[in-house]
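Heads up, the thing below is written out as structure tokens.
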Amino acid sequence: MTFLPIVERELRAASRRGSGYWLRSGYGLLAIIIGFFVFLANIDSPSRNIGRDMFDALGWLSMPYCLLCGIRLTADCLSQEKREGTLGLLFLTDLRGYDVILGKLVATSLSGFYGLLATFPILAVPLLLGGITSGQFWCELLVLVNTFLFSLAIGMFVSVLSRESRRAMAGTFLLLLLFTAVLPAYSGLQLYFAPGYRSELAHILLLPCPLFSLSEITHPAFGAARQNNLLWSVLVIHGLSWLFLAFASWKVADSWQDKPAEGWRRRWREWRYCRTFGNAGYRKSLRAKLLTVNAFYWLAARARPKQGYWRFLGLMALPWMWGCYKLGSDWFNEGVYFSTAILLNASFKSWVASEAGRHLGEQRKEGALEFVLSTPLSVKEVLRGQLLALRRLFLGPLLAVVAIEITFLAASLQRESFHQNPINPVLWAAAILMLVADVVALCWTAMWGALTVKSPNSITGVTITRILAAPWVLFVVGSIMANLLAAPDSTIFSWKYSVGLWFGLGLAVDLAFGLGAWWVLRSKFRQLALQPFVPLSSQVARFNARIMEYARALLLSDHDWYRFFASGPRNKPENR
């Protein structure tokens, strides 16, 4: 028997997959664009500074990609097999646990690794500009690949223990958050409050953090001491990666079996069900209440509204109480207000993007949406029920966030320093209006993505990219180009133009994607919902297909290809 047969098969299949070439080209082009704009932003600086800034920017922008690959690629690979009942079929053969784990690891991560690999030549450009050494370059490649493997191993480990998609992705995110944020934060607090007490323990807590490894490389004083810290950090992260994979290989053979729930497990499932849908009396009253409004409203909102964001607001209150106790009146300043508002806005928008299209995506994947459309319910009623369910879920937290930010604005107006800077009230008003506009656009775009994106797990990424990431990319590009083309004494450097550009681009993106999604859902909802997968339209693909048809026509006889061009590709003659 061939060693690791699934790995060999997946490597052969991936080598013939056309998407790998597009991914490599796309990520490589993105790295080139980022490096180009970093070069333009520092064009007046010495070449050593340009090379250093480009190297740091590409490294720190590649790190989130490596960390998120575990959530996007491997967190749901085995849990999906368990839901579909196909994982147990693999163990009817002579395959071992490590065969399945390594095979799934290669199958799911190869395209992501191709994307990371395409950025490596761009990372070598700063070597030509100066500012970094060849050792730093190779160390950064090692750290990025090691972080990529670490994220995939955590996703595989959580996927073995989970059955539901969202729980698997949430568990992977929490484990990554533990290593990248919680442990370093605890280490920093320990060093801050007790600098000389257990400093070695605080240093050890930093070793499993990939961000610590990258910070050692990008530090200006990269010497022998930081190289030693880097070596230990890489070894610890690599060892944890193989530990997660070893545990997944040992557990996967038993994880697919459906065991009857007995004792505390049965009571735990019953408690979870009652916590999600309520007891029998609550379900009966809610059903009667929602069905009188809209039947699809009951289907989408029969579960209790999730309290995750309310818990997040409660956790946010803890550092505020600590700051009030520790700093007193010094805690209440514009910097704290703005930082808190940014965190509230970013977390709430991310939550909306992850929840708005989840129900429609799951219904479409399971085929339940086809049954809904076979009823007398119209498309207008279905969309109205979905919007009512989203309003029931998001309206309360949205009003709470807006009320908190208005309170911050009112508190800032009482300070004299706030009136000295005219940008503050304008920025607060723009941020609050943009929050409401983004939430509306996120809801419509997520519902559109639920009907057009192939995997329900990709809905959140597509929605965030269109509504949240695109305006900032356009803002950075527009600011850099304006700084390059405008005169030094031009009024384009005023804060009015910066805030106006940011607000205008954000509102334009919301209108473009939000109204586009609204129109598609109102006019093509039934066609999109009844098809298993509708790929995004590609002008390049249609152009290439037409060229291939014309090339095929040239191989026919003279009269035939003349009739082919005269009638068009759809009425092409028979092959001879």
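Only the coordinates and a few stated rules stand behind these numbers; no lab work does. Just so you know, these numbers come straight off a predicted model, no measurement behind them. Note that we place each Cβ from the backbone using ideal geometry, even for glycine, and neighbour counts take in every protein chain shown.
Extending 7 Å from the Cα toward the beta-carbon at both ILE480 and THR93 defines two label points whose distance is 4.7 nm. Considering only ALA353, LEU413, LEU390, and ranking their Cα positions along the charge dipole of the range 344-438 that arises from unit charges at the beta-carbon of Lys, Arg, Asp and Glu, the one farthest toward the positive end is LEU390. So, R0 is 35 Å and r is the distance between the beta-carbons of PHE277 and ASN333; what FRET efficiency does that work out to, to 0.05? E between PHE277 and ASN333, to the nearest 0.05, is 0.20. Phi-derived couplings, Karplus 6.51 cos²θ - 1.76 cosθ + 1.60 at θ = phi - 60°, listed residue by residue for the range 350-359: 5, 5, 4, 5, 7, 9, 5, x, 5, 5 Hz, with x used for Gly and Pro.
Computed extension gain for LEU127 through SER25, at 0.36 nm per residue and net of the alpha carbon distance, reaches 34.5 nm. Positive contributions from Lys and Arg (+1) and negative ones from Asp and Glu (-1), summed over other residues with Cβ under 15 Å from the Cβ of LEU116, come out at +1. Here the simple spin-label model places points 7 Å from the Cα toward Cβ, and for SER378 and ALA181 these points are separated by 4.5 nm. Across the range 213-219, rounded Karplus estimates of 3J(HN,Hα) from the backbone phi angles (6.51 cos²θ - 1.76 cosθ + 1.60, θ = phi - 60°) give 4, 5, 5, 5, 6, 7, 5 Hz, Gly and Pro being marked x. Structure shown: which of LYS284/LYS306; LYS82/LYS365; LYS82/LYS349; LYS365/LYS524 lie over 22 Å apart, alpha-carbon to alpha-carbon? Cα-Cα > 22 Å for LYS82/LYS349; rest within. Summing Lys and Arg as +1 and Asp and Glu as -1 over all other residues whose Cβ lies under 13 Å from the Cβ of LEU58 gives a net charge of -2.
Taking 0.36 nm per residue of separation and subtracting the Cα-Cα distance, full extension of the segment from LYS284 to GLN227 would add 14.1 nm. If you plug the beta carbon distance of TRP310 and GLU200 into 1/(1 + (r/R0)^6) with R0 = 56 Å, you get a FRET efficiency near 0.90. Modelled label positions at LYS326 and ALA429, each set 7 Å beyond Cα in the direction of Cβ, lie 3.6 nm from each other.
With θ taken as phi - 60° and the Karplus curve 6.51 cos²θ - 1.76 cosθ + 1.60 applied, the whole-hertz 3J(HN,Hα) list for the range 318-326 is 5, x, 5, 5, 5, x, 5, 6, 7 Hz, x standing for glycine and proline. LEU474 sits among other residues whose Cβ lies under 13 Å from its own Cβ, and their net charge, with Lys and Arg +1 and Asp and Glu -1, is 0.
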